[in-house]
Amino acid sequence: MFDNSATLTILAAGLNAAAFAMTDIAARLALVRDLVPGRLCLTTSFGIEDQLLTCVAAELSGGVELGDGVEIVTLDTGRLFPEIHDVWRLTERHLGITIAALSPPAASVAALVARDGNDGFTASVANRRACCHVRKLEPLARALSGVAAWITGLRGEQSPDREGVPFAEVDAARGLLKINPLFDWSRASVLAELGARAMPVSALEGRGYRSVGCAPCTRAVRPDEPERAGRWWWEELGAAKECGLHPPAAFTTPTMAASGSPPAPV
Ligand code: SF4
């Protein structure tokens, strides 16, 4: 973690300039390893983008001098699809790695469920964000504690809110660099690369789930729908389909009360 936003800005600019003519994912990750001092963390939800990054990160960590390598973690919200647990196991076996899981604090989940009910996230956007805060954002904060660069599977094509996402950007709130190695890749290119590497993908992929989150909050999409249309589909059309991990500028994230209680609806 950096305490100087000017340092982060300079690093991000250097990475973006160096990656300008580079499309190879392994080269992009190696560039980050070479230029960013400190720990690198890839968070995976086992979607196709994260599967490709996990494969490349595992290869780099095992194949070249990368110091401590790239840490790979997942946020186990407690509401994941069984198919995601399946591909998680398959991935570990395929790559010979262990993917660390971070879960929300049991007391926070209990407080959330006591207040809103088990599926209270459908009642309002505020409730949904409160659930995402407890189940995703709090574990993410632990995952990224002390990390210099957070590697994500964001692609510009995924939604209007993600259009223009750069290779490297400053996450000022978290005091780190956010690296999006697939920022300019198409969905078809990601799938082709996964196929070439014989990487497992979740069974949901073949059933129209083009973006996968928690089971009760994700549905399959039609071919003519945006990739993230199946996320929180009951919410207003056009609303930012984000949980707070990757907030667009207008997205505000509720803060966690010091007691560990879920944030109050706004
Ligand atoms: S995606 Fe749904 S179940 Fe998962 S944390 Fe967010 S609101 Fe809760």
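The values are calculated or read from the model by the stated rules, or taken from the named source; none is laboratory data. Remember, predicted model here, so these are calculated numbers, not experimental data. Cβ: placed from backbone, ideal geometry, glycine included. Neighbour counts: every protein chain shown.
If I filter the stretch 214-228 for residues that are within 18 Å of the chain's Cα centre (by Cα), among the small types (Gly, Ala, Ser) and at pLDDT below 60, do I get at least one hit?
The answer is no, given that none of the residues of the stretch 214-228 is within 18 Å of the chain's Cα centre (by Cα), among the small types (Gly, Ala, Ser) and at pLDDT below 60.
Starting from residues that are away from the ligand (no atom under 15 Å from the Cβ) and of a type in the set (D, E, K, R), keep the ones in the stretch 200-235 and report whichever is farthest from THR74 (Cα to Cα).
Only one residue fits best here, namely ASP224.
Name the residue, out of ARG142, ARG135, that is among the charged types (D, E, K, R), at pLDDT 95 or above and more than 10 Å from the ligand (Cβ to nearest atom).
The unique qualifying residue is ARG142.
Is there a residue in the stretch 104-115 that is touching a helix residue (DSSP H, G or I) at 6+ places or on another chain (Cβ under 9 Å), under 30 Å from LEU53 (Cα atoms) and among the hydroxyl-bearing types (Ser, Thr, Tyr)?
no
In the stretch 164-185, how many are touching a Lys or Arg at 6+ places or on another chain (Cβ under 8 Å) and either of a type in the set (Gly, Ala, Ser) or free of Cβ contacts under 8 Å to residues at least 12 places away in the same chain (or both)?
Summing the residues that are touching a Lys or Arg at 6+ places or on another chain (Cβ under 8 Å) and either of a type in the set (Gly, Ala, Ser) or free of Cβ contacts under 8 Å to residues at least 12 places away in the same chain (or both) in the stretch 164-185 gives 1.
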